[in-house]
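Since the structure comes first, as structure tokens, the remarks are kept for the end.
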Amino acid sequence: MAPSLHPLVDNGITKGSASFAGGKLHCLCASKPVEVTLGGNVLHNHACGCSKCWKPAGALFSVVAVIPRDQLAVTANGDKLYVVDSSAAIQRNACKECGTHLFGRIEKEHPFKGLDFVHVELSDETGWQEPQFAAFVSSIIEQGFDPKGIAEVRDKFKSVGLETYDALSPPLMDAIATWTAQKAGKLPA
Ligand SMILES: N[C@@H](CCC(=O)N[C@@H](CSCO)C(=O)NCC(=O)O)C(=O)O
Ligand SMILES: [Zn+2]
Ligand SMILES: [Zn+2]
């Protein structure tokens with residue numbers, strides 16, 4: 001049986017709704033779940049194979065998107081949150097009981113500062129932007145995935161219409177590179 005990439009990918013992609021206005025995320029705790037309210041739809045949703053993004057049980061990839069931080073509020077049980085790795089660029093705020101990551105915030109100077117990283121599968125609502133591409137695919141090998149199976153993984157993404165990359169997508173990498181060049185004075189700001 002083919003390995004599960006992610007529940008939002010395995011059986012084909014369901015398109016989001018252009019008019020979707022946001023909703024609530026909650027962690028997986030049966031009692032007193034942490035609740036986060038998003039005031040709009042997400043952007044740049046993607047599958048991510050990196051070792052740092054939260055993945056549901058049995059999945060090889062996370063599905064993670066961004067939203068402006070002023071559109072995100074912790075609305076219940078925020079006392080259960082802790083920062084998984086304060087030295088990472090993305091400070092992932094997770095539930096200390098169930099381990100789910102509720103949001104990842106960039107506090108340092110970074111091209112994506114001002115955006116929070118979130119997982120829309122933690123919502124009961126439908127209409128969230130669908131995954132647009134698969135990022136950091138080769139990173140699953142770093143975590144012990146047999147490289148003999150990587151072509152099957154890439155083919156599966158392609159079969160559901162997602163391009164695969166070993167970094168972020170070219171437009172996002174170009175945006176990062178532009179920010180970096182501007183910081184270094186090599187391009188006008
Ligand atoms: N091979 C590494 C890659 C980790 C990595 O660079 N992850 C990206 C994407 S996370 C969501 O798209 C990143 O920007 N990380 C910054 C951070 O996590 O703080 C690995 O697998 O660990
Ligand atoms: Zn929890
Ligand atoms: Zn990641």
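The values are calculated or read from the model by the stated rules, or taken from the named source; none is laboratory data. Bear in mind that the values here come from a model prediction, so they are computed numbers and not experimental data. Please note: Cβ atoms are built from the backbone with ideal geometry, for glycine as well, and neighbour counts cover all protein chains shown. Heavy atoms of the whole protein, side chains included, go into the accessibility calculation; ligands, DNA and RNA do not. Shrake-Rupley method; radii C 1.70, N 1.55, O 1.52, S 1.80 Å.
For LYS186, list the aspartates and glutamates whose Cα falls under 18 Å from its own Cα; do not include residues on the same chain fewer than 8 positions away.
Within reach: GLU109, ASP174.
Output wanted: per-residue J couplings in Hz (rounded whole) for region 159-169, from phi through Karplus 6.51 cos²θ - 1.76 cosθ + 1.60, θ = phi - 60°, x for Gly and Pro.
So the Karplus estimates, Gly and Pro as x, are 5, 9, x, 9, 6, 10, 9, 10, 9, 7, 5 Hz.
In square angstrom, what is the accessible area per residue of region 22-183 with a 1.4 angstrom probe?
On a per-residue basis, region 22-183 sits at 47 Å².
For the pairs LYS24/LYS108; LYS15/LYS55; LYS32/LYS55; LYS24/LYS80, flag any whose C-alpha to C-alpha distance is greater than 23 Å.
Check vs 23 Å cut-off fails for LYS24/LYS108.
Give, as a single signed number, the net charge of other residues whose beta carbon lies under 14 Å from the beta carbon of GLY23, with Lys and Arg counted +1 and Asp and Glu -1.
Residues near GLY23 contribute -3 overall.
Nearest 20 debye, what's the magnitude of the dipole of the chain about its Cα centre given +1 on Lys and Arg Cβ and -1 on Asp and Glu Cβ?
Magnitude of the dipole: close to 320 debye.
What residue among GLY99, GLY127, GLY58 shows peak mean-square fluctuation when the chain is described by a Gaussian network model with Cα springs under 10 Å?
Ranking GLY99, GLY127, GLY58 by mean-square fluctuation puts GLY58 first.
Can you tell which of CYS27, CYS50, CYS98 shows the greatest fluctuation in a Gaussian network model of the chain with Cα springs below 10 Å?
Result for the chain, Cα springs under 10 Å: CYS98 fluctuates most.
Between CYS98 and SER51, with labels modelled 7 Å along Cα→Cβ, what's the label distance in nm to one decimal, could you check?
2.7
Whose amide H sits under 5 Å from the amide H of LEU102, counting only residues 5 or more places off or on another chain, with H placed in the peptide plane?
Under 5 Å from the amide H of LEU102: ASN93, ALA94, CYS95.
In whole percent, and with a 1.4 Å probe on the protein chains, what portion of the accessible area of the chain is carbon and sulfur?
54
Of GLY58, PRO3, VAL120, whose Cα points farthest to the positive end of the dipole of the chain (charges on the beta-carbon: +1 Lys, Arg; -1 Asp, Glu; origin at the Cα centre)?
Result: VAL120.
Amide H to amide H under 5 Å from GLY23: which residues, 5+ apart in sequence or cross-chain, H placed 1.01 Å off N in plane?
Amide H neighbours of GLY23: LEU38, GLY40.
Report the net charge of residues surrounding PRO3, where surrounding means a beta-carbon distance below 11 angstrom and charges are Lys +1, Arg +1, Asp -1, Glu -1.
Residues close to PRO3 contribute a combined charge of -2.
Using θ = phi - 60° and the Karplus curve 6.51 cos²θ - 1.76 cosθ + 1.60, what whole-Hz ³J(HN,Hα) does each residue of region 16-32 get, with Gly and Pro shown as x?
x, 10, 5, 9, 5, 10, x, x, 10, 10, 9, 6, 9, 5, 6, 10, 6
Quick one: net charge around PRO147, please, counting Lys, Arg +1 and Asp, Glu -1 for every other residue with C-beta under 14 Å from its C-beta.
Net of charged neighbours comes to -2.
Where does region 22-183 land on Rg/Rh, using Cα atoms and the Kirkwood Rh?
Checking Rg against Rh, the ratio lands at 0.96.
For region 133-180, with only Lys/Arg (+1) and Asp/Glu (-1) charged at the beta-carbon, what is the dipole magnitude about the Cα centre, in debye rounded to 20?
The dipole of region 133-180 has a size of about 100 debye.
Return the calculated 222 nm mean residue ellipticity for the chain, to the nearest 500 deg cm²/dmol, obtained by summing -39500 (n - 2.57) across DSSP H runs with n ≥ 4 and dividing by the residue count.
Using -39500 (n - 2.57) per qualifying helix, the result is -4500 deg cm²/dmol.
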